[in-house]
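Engineer: Below: one structure in structure tokens.
The values are calculated or read from the model by the stated rules, or taken from the named source; none is laboratory data. Keep in mind that this is a model prediction, so the values were computed, not measured. Heads up, the Cβs are rebuilt from the backbone with ideal geometry, glycines too, and the neighbour counts pull from every protein chain shown.
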Amino acid sequence: MPGLISLIIFLAVIAGFWYVFEKAGKPGWAAIIPIYNFYVLLQIVGRPWWWLLLLLVPLLNLIIALVVCIDLAKKFGKGVLFGIGCFLLGFIFIPVLGFSDAQYKG
């Protein structure tokens, strides 16, 4: 049973990212490709590609992820608290962002 719940949450997050990518004019299938999906996410939030390398640095990767989540929220007209929610509870906030009527404000 816990495995089924985990699978449902995983699929909801993937679907949420898929719609977030499509709303931003990027291919939705990029959400399912590891590493490339973060590269596309960096493009969406307007950060340079080399931030991928910063994810390899322990503790700094948490700060980078937080900044990207906040930037993502701002690009969709949401506030900083929504971005922090994406960072801490991404399995809830990413599907909300993807399935809501929030529009990308590139």
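Engineer: Out of the helices (runs of 4 or more DSSP H) lying entirely within the range 36-106, which hold 1 or more residues that are under 12 Å from the mean Cα position of the chain (by Cα) and modelled with pLDDT of 95 or more? Show your work before the answer.
Structural biologist: Values: elements: 36-45, 51-54, 60-75, 80-88, 90-99.
Here the list reads 36-45, 60-75, 80-88, 90-99.
Engineer: Taking only pairs six or more apart or across chains, which ones have beta-carbon atoms under 6 Å, a first residue in the range 45-56 that is in contact (Cβ under 8 Å) with a residue 12 or more places away in the chain, and a second residue that is of a type in the set (Lys, Arg) and in a helix (DSSP H, G or I)?
Structural biologist: Within 6 Å, the pairs are 45/75.
Engineer: What are the residues in the range 14-34 that are assigned to a loop (DSSP other than H, G, I, E, B) and either surrounded by 19 or more Cβ atoms within 10 Å (Cβ to Cβ) or in contact (Cβ under 8 Å) with a residue 60 or more places away in the chain (or both), if any? Please lay out each step first, then the result.
Structural biologist: Restricting attention to the range 14-34, the residues satisfying the condition of being assigned to a loop (DSSP other than H, G, I, E, B) are 24-27, 33-34.
24, 25, listed by residue number.
Engineer: I'd like the full set of residues that are of a type outside the set (A, V, I, L, M, F, W, C) and at pLDDT below 95, limited to the range 1-24. Walk me through it before giving the result.
Structural biologist: Kept after step one, since they are of a type outside the set (A, V, I, L, M, F, W, C), are these residues of the range 1-24: 2-3, 6, 16, 19, 22-23.
Those that are of a type outside the set (A, V, I, L, M, F, W, C) and at pLDDT below 95: 2, 3, 6.
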